[in-house]
Amino acid sequence: MRFKFCLPIICMLFATGAFAQHTVGNNSYLGKEPIRENCTLKGIPLYGRVQVVSIAADFKVCEVVKSAANLYVKKVSTFPTSCGEWQFVDNNPDFTIQFVPASAADFYIYFDNSFPGLPPTLYSK
């Protein structure tokens, strides 16, 4: 009989996220919006002209190992038109990023000059 009171408490803990974990390497976030299949986040395409800033960035990112990344990024010098292609600029960016520790990041990146974009496991069916 003592277990009938435990079930509502356990359900409440799971519902509030008390046991939730921030999962690295896939598209699961604790309280954060995931990268969409069309390579956007917060309605902003994750390709284009990017400026690194120290405050008030559109996105906070953390560079990690390939297996933990949510986005593979290729540095390009012109025409960043595909998912994960970033041209780093000093002015007129399409969006801004700030490099932060993993715990504060909106998403994780890995610099990959061969295969930029979303990791294949994120949206494989």
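The values are calculated or read from the model by the stated rules, or taken from the named source; none is laboratory data. Not measured: the values here are computed from a predicted model. Every residue, glycine as well, gets a Cβ built from its backbone with ideal geometry; the counts of neighbours run over all protein chains shown.
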Look at residue 73 and say whether it is farther than 19 Å from residue 119 by Cα and either at pLDDT 95 or above or surrounded by fewer than 17 Cβ atoms within 10 Å (Cβ to Cβ) (or both). no
Of (1) small (Gly, Ala, Ser); (2) closer than 19 Å to residue 116 by Cα; (3) modelled with pLDDT of 95 or more, residue 57 fails just (2)
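Residues checked against (1) at pLDDT below 95; (2) closer than 24 Å to residue 121 by Cα:
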| residue | (1), (2) |
| --- | --- |
| 12 | yes, no |
| 28 | yes, yes |
| 41 | no, yes |
| 47 | no, yes |
| 82 | no, yes |
Output the strands (runs of 3 or more DSSP E) that fall wholly within the stretch 46-125 and possess 1 or more residues being touching a helix residue (DSSP H, G or I) at 6+ places or on another chain (Cβ under 7 Å) and at negative phi, or say none. 59-63, 107-111
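Considering each residue of the stretch 76-125, count those that are aliphatic (A, V, I, L, M) and surrounded by fewer than 20 Cβ atoms within 10 Å (Cβ to Cβ), and give that number.
So the answer is 6.
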